[in-house]
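Working notes for the structure below.
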Amino acid sequence: MKSTRRHFLKLGGLGGAAASAFPLTNLFAQPSLASTKPVVISTWNFGKEANVEAWKVLSANGRALDAVEKGVQVPEGDPKETSVGLGGLPDRDGRVTLDACIMDEFANCGAVACLEHIVHPIAVARKVMEKTPHVMLVGDGALQFALANGFKKEKLLTPESEKAWKEWLKEAKYKPVANIENHDTIGMIALDQKQNLSGACTTSGMAYKLHGRVGDSPIIGAGLFVDNEIGAATSTGVGEEVIRIVGSHLVVELMRQGNTPQQACEIAVKRVVKNQPEKSKQIQVGFLALNKNGEYGAYALQKGFTYAIQSPEIPNQIFESKSYY
Ligand code: SD4
């Protein structure tokens with residue numbers, strides 16, 4: 001029974017996301033996908049540059065946890081990326097508030113939410129995981145903890161993001177836009193050479209949100225979930241809809257039930273549609289999933305959700321996921 005299920009997983013991986021990622025000829029040239037490793041997969045176009053850093057760790061037989069932390073720090077530190085870290089678009093009061101979480105192969109996890117003035121919230125989330133008995137710190141408490149742990153207070157609002165905010169203030173209409181300039185949250189999940197999984201997720205959240213609003217990205221189970229026996233998942237898009245279905249946990253549990261990563265992502269997105277049939281036509285939600293064998297899946301509500309993947313068979317490159325609409 002067990003081996004039948006494993007066989008099913010293998011085949012399922014080939015028929016799932018791999019089918020969308022490879023031309024048919026390459027598909028059949030693939031070696032067995034069982035235990036393809038290492039693998040890193042991350043959301044949006046900026047995932048490609050992030051993967052480069054993650055791959056340095058993974059290819060040197062490093063830990064997936066270190067790979068994902070290093071990887072997501074690339075867009076966090078890039079002032080041109082207006083949806084993550086430094087240069088992130090602010091809330092409606094002009095404050096840049098960051099959300100991030102990280103999870104390892106032992107179900108250790110850490111998170112920060114509504115954190116201001118720190119360029120790398122993912123590194124603070126890791127410190128929360130490693131140095132406290134807690135999972136999540138928020139707002140002033142998260143900042144206080146970061147400063148006490150040697151992080152530097154910096155100005156995150158760049159002149160460009162400030163200008164965009166002032167422009168927004170003229171009408172002050174809050175309307176989430178799908179696929180803004182092809183980036184959003186960075187979620188990254190990885191399988192290392194020891195076949196251990198980890199993940200990281202970091203964002204400045206919805207632009208012009210109410211001050212204090214927290215999305216799915218720092219919430220373990222919503223924006224990210226890792227179960228080292230089964231797989232890992234991460235999400236991007238309108239966080240409220242992901243929280244409602246505890247999206248990343250759902251995707252991992254669907255894989256546990258025997259679904260391929262691709263099937264699991266598709267079922268989760270359909271759950272969003274079922275909850276909000278009308279609203280789901282206007283917004284974006286996307287999932288990435290990776291299982292213990294290195295098989296992956298990607299699916300979104302709308303067209304335009306891109307992700308970057310690297311493995312021994314796939315040189316670091318960007319693909320667009322299939323979508324519901
Ligand atoms: C959130 N998923 O906070 C994140 C990122 C985002 O449009 O900005 N979504 O909901």
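Brief remarks on what is shown
- Selection within segment 40-54: residues that are surrounded by fewer than 24 Cβ atoms within 10 Å (Cβ to Cβ) and within 18 Å of ALA289 (Cα to Cα). The member of this set that is farthest from the ligand (Cβ to nearest atom) is LYS48.
- Only listed residue being within 15 Å of the ligand (Cβ to nearest atom) and free of Cβ contacts under 8 Å to residues at least 60 places away in the same chain, chosen from LYS175, LYS127: LYS175
- Complete set of residues in segment 187-198 that are more than 9 Å from the ligand (Cβ to nearest atom), in contact with a Leu (Cβ under 7 Å, 6 or more places away or on another chain) and not in a loop (DSSP other than H, G, I, E, B): ILE189, ALA190, LEU191, LEU197, SER198
- When ALA123, ALA142, ALA148, ALA113 are checked against the criterion of being small (Gly, Ala, Ser), out of contact with any Ser or Thr (no Cβ under 9 Å at 6 or more places or on another chain) and closer than 21 Å to ALA207 by Cα, a single residue qualifies: ALA142.
Here is a yes/no grid of residues against (1) in contact with a helix residue (DSSP H, G or I) (Cβ under 9 Å, 6 or more places away or on another chain); (2) within 23 Å of ASN108 (Cβ to Cβ); (3) free of Cβ contacts under 8 Å to residues at least 60 places away in the same chain:
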| position | (1), (2), (3) |
| --- | --- |
| LEU224 | yes, yes, no |
| GLU240 | no, no, yes |
| GLN257 | yes, no, yes |
| LYS270 | no, no, yes |
| ASN316 | yes, no, no |
| GLU320 | yes, no, yes |
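- Restricting attention to segment 199-233 and to residues that are near the ligand (Cβ under 10 Å from one of its atoms) and part of a strand (DSSP E or B), the residue that is surrounded by the fewest Cβ atoms within 10 Å (Cβ to Cβ) turns out to be THR203.
- Failed item in (1) farther than 21 Å from ALA222 by Cα; (2) assigned to a strand (DSSP E or B), with GLY304 passing the rest: (2)
- Search result, residues across segment 150-175 that are assigned to a helix (DSSP H, G or I) and under 22 Å from GLY139 (Cα atoms): SER161, GLU162, TRP165
- Here segment 65-87 is the region considered, the condition is being charged (D, E, K, R) and part of a loop (DSSP other than H, G, I, E, B), and the residue that is surrounded by the most Cβ atoms within 10 Å (Cβ to Cβ) is GLU81.
- Taking each residue of segment 201-212 that is under 20 Å from MET136 (Cα atoms) and looking for partners that are near the ligand (Cβ under 8 Å from one of its atoms) and outside any loop (DSSP other than H, G, I, E, B) with beta-carbon atoms closer than 6 Å, six or more apart or interchain, yields THR203/ASP99; GLY205/ASP99.
- Test: residue in segment 173-180 that is closer than 21 Å to GLY77 by Cβ and under 21 Å from the mean Cα position of the chain (by Cα): yes
- Matching entry among ASN316, ASN228, ASN259 (being closer than 18 Å to CYS201 by Cα and either out of contact with any Phe, Trp or Tyr (no Cβ under 7 Å at 6 or more places or on another chain) or modelled with pLDDT of 95 or more (or both)): ASN228
- Filter pass, LYS274 being away from the ligand (no atom under 15 Å from the Cβ) and surrounded by fewer than 20 Cβ atoms within 10 Å (Cβ to Cβ): yes
- Qualifying residue in segment 200-212 (condition: within 23 Å of GLU295 (Cβ to Cβ) and out of contact with any Pro (no Cβ under 8 Å at 6 or more places or on another chain)): yes
- Unique residue being of a type outside the set (Asp, Glu) and either at pLDDT 95 or above or over 13 Å from THR203 (Cα atoms) (or both) when the list is THR36, THR82: THR36
- Residue among LEU290, LEU254, LEU301, LEU250 that is within 14 Å of the ligand (Cβ to nearest atom) and surrounded by 19 or more Cβ atoms within 10 Å (Cβ to Cβ): LEU301
- Residue check for VAL242: part of a helix (DSSP H, G or I) and more than 12 Å from the ligand (Cβ to nearest atom): no
The values are calculated or read from the model by the stated rules, or taken from the named source; none is laboratory data. Given the structure is predicted, the values throughout are model-derived calculations rather than measurements. Ideal geometry is used to build each Cβ from the backbone, glycine not excepted, and the neighbour counts take in all protein chains shown.
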